[in-house]
Structures are given as structure tokens and as C-alpha cells.
Amino acid sequence: MSQVAENLLRLRERIDMACRRVSRTPEDVTLVAVTKTVGPDRIREAIDAGVEVLGENRVQEAAPKIEALAGIASDFGAGVAWHMIGHLQRNKVKKAVTMFEMIQSVDSYDLAAEIDRRCGQLDKVMEILIEVNTSGEETKYGVPPDQTIDLVRRISHLNSTNIKGLMTIGAFTDDEDSIRSCFRTLRKLARQIEGSDVGNTEMRYLSMGMTSDYELAVEEGSNLVRIGTAIFGPRQGQTGPKLSEGGVYN
Ligand SMILES: *Cc1c(COP(=O)(O)O)cnc(C)c1O
């Protein structure tokens, strides 16, 4: 078994355990394997081990990989889906809408409108998530929580984008309570949006949780976890999660 396949097994076990702690069904949690800095060969190992959704955060980096892996079907029969999870510049939208099945990082009306315009030209509809800055950290992208419903309302009138949920990045800290509070904010916002009868909008996905905090995120209701390091190992120059004995990332 490849290292990637072994890491995936362990990761799925831990997601399962997190689900069980809060009486959730593991099948409800979709794993997005984040492949930034990872080459097509190792991405292929993840696909062979059953990964069906892949995440990239830069259009230029993703393009050649998506091309190299085009047409590769996973063991489960379907082709893989690529999600854009990083900050998207408007001048990259034209290309991005041809590459991705979902854009998880929409945080302004202007960006959504540009996605809408480009998708309209191609006669396609893009699934999008609204990225919310739940930690208030200035270095993070995302709409502030108190402006989220207004943004969702405005974007909901666009024809070639469909809002499918919310995305966030947890606070960059070791403090569990602060991280949990970010995820709770996102879940609460989704409930408020569901309760406010916005057209053309579904709160089907809560995209939250990365290598350092996915178990907390699952406990707090995440159903889309975006995980790179725990599957592919540390990226170059990354400080990030520590490798404990036995090669388990935690
Ligand atoms: C890189 C990245 C991830 C995955 O991070 P890991 O800590 O390697 O699991 C998740 N979400 C976004 C937006 C990212 O850029």
C-alpha cells in the first residue's frame, strides 16, 4: 500500500471516530484532498485509494495537473471533481470556470458576478460556497459574519451561480475553544440563512476543517473537510502539524 493510501486509511478512521463522538454518519463527510504542491503521480495514488474530490488553491498550479489527470476515474466509478479553495483573482475567473466543479472561496459580489458572467458565456452553472472570515484574522480572506447574509442575498439573484453552502478557515491557534467557536459561527450562519428563505440557495455544505483541526470541525458539523498535509505529508517550508511517532500526522 502506498504511503498516501495508508495516510488516507488513518485519516478516515479518525473522521469516523469524530463522527461517532457526536452521533453523525461518516458517509455524510466528504473528504477534499488538497493537492497544492503535490504532483500528478501522488495525486493518482490518492485517487486510486478512493479520493473523489480534489482541492487546489491556485489556478496556474492546478491547470496542468487537472489536464494530466483528466479522464481518470476513481474506483467508485465516477470521475474526480476539482474544487477551487483558494483566493481567486478576477482575471483568473475565465480559466477557473473551465477547470473546477465548485469554487469554495467566493467572498465578494464582484467575484461572484464575474463567475456568473463567464459561466453564462459557457452555458454552465457553477456551484459556489461563500467564504466567511469567522476568526476575524486580518490575514484571512472571507466576508465578515455580519455581512454574510446580505452577500448571500445579492449573489442569489445571479443565474449562473448556485450557492451550495459556506466555507471557513479556523483560527490559527492551539486554543480549541477559539477554533470551535469559528466553526460554530459558520454553522449558525448557515441555519440563519436557511431560515431566511433566500432563493436559489442551499446550505448543503459546511466546508471547514484542515489537517490541524478537522476532528473539531467534524464534531461541529462539517461535511466537507479540506485536507492536505495529513494525506501527502508536509509541504516544503511548512511548519504546520507535527509528525508524531509512527508517522501519524496530528
Ligand atoms: C492548504 C489548504 C488546506 C489544507 O491544509 P492542510 O493543513 O495541509 O490540511 C485547506 N484549505 C485551504 C483553503 C488551503 O489553502
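The values are calculated or read from the model by the stated rules, or taken from the named source; none is laboratory data. Keep in mind the model is a prediction, meaning the values are calculated, not measured. Reconstructed Cβ throughout: ideal geometry from the backbone, glycine too, with neighbour counts over all protein chains shown. Heavy atoms of the whole protein, side chains included, go into the accessibility calculation; ligands, DNA and RNA do not. Shrake-Rupley method; radii C 1.70, N 1.55, O 1.52, S 1.80 Å.
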Honestly region 52-147 on the Cα gyration tensor test (a ≥ b ≥ c root eigenvalues; a/c under 1.5 rounded, otherwise a/b vs b/c for prolate or oblate) is just prolate
Length gained if R44 through A81 is fully extended, taking 0.36 nm per residue and subtracting the Cα-Cα distance, is 12.0 nm
Per-residue accessible area, 1.4 Å probe, largest first, puts K164, K92, K188 in the order K188, K92, K164
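Counting pairs on different chains as well as pairs 8 or more places apart, how many Lys pairs in the chain have Cα atoms under 15 Å apart?
Details: K36/K65; K65/K95; K94/K124; K95/K124.
Summing the qualifying lysine pairs gives 4.
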Here, GluC sites (Glu not before Pro) of region 129-205 satisfying both criteria (DSSP loop; at most 12 other Cβ within 10 Å) are E138
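FRET efficiency for E219 and Q60, Cβ-Cβ distance as r, R0 = 22 Å, nearest 0.05?
Working: r = 36 Å, r/R0 = 1.62.
The calculated FRET efficiency here is 0.05.
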When the charge dipole of region 35-124 is computed with +1 at the Cβ of Lys and Arg and -1 at the Cβ of Asp and Glu, the Cα pointing farthest to the positive end, of V53, N91, Y109, is that of N91
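Tally Lys and Arg at +1 and Asp and Glu at -1 over the other residues with C-beta under 13 Å from the C-beta of L111: what net charge comes out? Let's see the in-between values first.
Numbers: positive: R90, K92, K94, R117, R118, R154; negative: D107, D110, E114, D116, E131.
My count for the surroundings of L111 gives +1.
If R0 is 30 Å, what FRET efficiency do you get for R191 and D110 from their C-beta distance, rounded to 0.05? It would help to have the intermediate numbers written out before the result.
Details: r = 27 Å, r/R0 = 0.90.
Step by step, r from the Cβ atoms, then E = 0.65.
So what is the accessible area of the chain per residue, in Å², with the probe set to 1.4 Å? All intermediate terms of the calculation are to be shown ahead of the outcome.
Working: 12170 Å² over 250 residues.
Using a 1.4 Å probe on heavy atoms only, each residue of the chain averages 49 Å².
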If the label point sits 7 Å along Cα→Cβ of E202, residues of region 14-42 with amide N under 17 Å come out as 28-31
Full extension between R10 and Q236 adds, at 0.36 nm per residue less the Cα distance, a length in nm of 79.1 nm
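Using helices alone, I'd like the mean residue ellipticity at 222 nm for the chain: each DSSP H run of four-plus residues gives -39500 (n - 2.57), total over residue count, nearest 500.
Working: 9 runs with 100 residues, N = 250.
Computed mean residue ellipticity for the chain: -12000 deg cm²/dmol.
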Here the gain from full extension of E101 to S156, 0.36 nm per residue of separation minus their alpha-carbon distance, amounts to 18.0 nm
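Which shape class, rounded, prolate or oblate, goes with the chain when its Cα gyration tensor gives a ≥ b ≥ c as root eigenvalues, a/c under 1.5 marks rounded, and past that a/b bigger than b/c marks prolate?
Numbers: a/c = 1.67, a/b = 1.19, b/c = 1.40.
Cα axes put the chain in the oblate bin.
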So the FRET efficiency between R21 and A68, C-beta based with R0 = 45 Å and rounded to 0.05, is 0.70
Toy charge model, Lys and Arg Cβ at +1, Asp and Glu Cβ at -1: the chain dipole around Cα centroid in debye, rounded to 20, equals 440 debye
